[in-house]
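A short write-up of the structure that comes next.
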Amino acid sequence: MNRILLVEDDGDLARIVARYLEGEGMVVRVAPSAEDAYDLLTNSVFDLVVLDINLPGDDGLSACRNLRAASDVPIIFATARVDEGDRVAGLDLGGDGYLSKPYSLRELRSYIEALLRRFGKTAGGSVVRQGPFELDTAAEIVRKAGETVALAPKEFALATFLMTHEGETLSKERLISEVWGAFCGVEPQTVAVHMSWLRSKLEDDPAHPKHFLTVHGRGYRFVAKPNDDPSQQGRL
């Protein structure tokens, strides 16, 4: 299920929107302020953020700026501020869409689903097959050559993100944001440690990985088919 962060200080509206989206199969967390959103983003990862502009403390534009510095999560501005300057500012800061209040719940749902599809975050197709691995994201199970391998929650989340971005070089900073949380404060070495654990459980020879690769000076890459180029195979 897709995880939505709704940043909205109108409690009644937030409850209505959250209840509707949950009825559509989404998991919704509500933050009444940008500061509360930062707290949630410290320990949780979301697929999309619905963000009001008129907020107590940091307004939505400031929140977008701060979030963009740490994460590529899709952001929809949903606000009563309809001035063109606000719309332009929100998009310039990294917002991906803009809904003017009042909006219909069906319109919001459609907008969310369209952005999730665009960013490859749709909840459908929970079984991912890559090389010898089968990843069941709904059951949080990974199998190698048909055999179930036990992974800790963060190991599973890391494996999931790497496998669903097969062939893409991912920096430690992006992995931290997508797996641990945009404002979590996790040290980059934590990623290296978890990669080591993944290799010990999923690679035939952890000292010479063929699937969970280090791209020196840039980050990590998962490849479904073994890469025989030793320059692309490192440990930490």
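Modelled spin labels at Thr169 and Val88, positioned 7 Å past Cα toward Cβ, are 3.7 nm from each other. In a simple Cβ point-charge model (Lys, Arg +1; Asp, Glu -1; nothing else charged), the chain has a dipole of about 700 debye relative to its Cα centre.
Among beta bridges from DSSP that stay inside the chain, the antiparallel ones total about 50%. Put a plus charge on the Cβ of each Lys and Arg, a minus charge on the Cβ of each Asp and Glu, and nothing anywhere else: the dipole of the range 1-118 about its Cα centre is then about 420 debye. Rolling a 1.4 Å probe across the protein heavy atoms gives the range 40-186 an accessible surface of 45 Å² per residue.
Structure remark: mean-square fluctuation, Gaussian network model of the chain, C-alpha springs under 10 Å; the largest value among Ala31, Ala159, Ala207 belongs to Ala207.
Surface listing: Leu116, Leu91 arranged by accessible area from highest to lowest gives Leu91, Leu116, probe 1.4 Å.
Net length available on complete extension from Glu140 to Asp10 is 43.3 nm, with 0.36 nm assigned per residue and the Cα-Cα distance removed. Calculate, in whole percent, how much of the Cα-Cα pair population of the range 95-217 lies beyond 26 Å. In whole percent, the share of Cα-Cα pairs in the range 95-217 beyond 26 Å is 31.
Return a single number: how many Lys pairs in the chain, at a sequence separation of 8 or more or on separate chains, have alpha-carbon atoms below 15 angstrom apart. Don't jump to the answer; show the numbers that get you there.
Numbers: Lys144/Lys201; Lys144/Lys210; Lys144/Lys225; Lys154/Lys172; Lys154/Lys201; Lys201/Lys210; Lys210/Lys225.
Lysine pairs satisfying the spacing and distance rule in the chain number 7.
Available extension along the chain between Val127 and Lys101 is 5.6 nm, counting 0.36 nm per residue and deducting the alpha carbon span. Taking all protein chains as shown and a probe of 1.4 angstrom, Tyr111 keeps an accessible surface of around 60 Å².
Measure off, as a whole percent, the carbon and sulfur share of the 1.4 Å-probe accessible area of the range 125-168, all protein chains present. Mind dumping the intermediate values first?
Details: 1110 of 2210 Å².
The nonpolar share, carbon plus sulfur, comes to 50 percent.
Given the alternatives (i) 25.9, 90; (ii) 17.9, 58; (iii) 19.3, 59, Rg and Dmax of the Cα atoms in Å as computed for this entry is given by (iii).
The values are calculated or read from the model by the stated rules, or taken from the named source; none is laboratory data. What you see is a predicted model, and the numbers here were worked out from it, not measured in a lab. No Cβ is skipped: glycine too gets one built from the backbone with ideal geometry, and neighbour counts run over all protein chains shown. Side chains included, ligands, DNA and RNA excluded: accessible areas come from the protein's heavy atoms. Shrake-Rupley method; radii C 1.70, N 1.55, O 1.52, S 1.80 Å.
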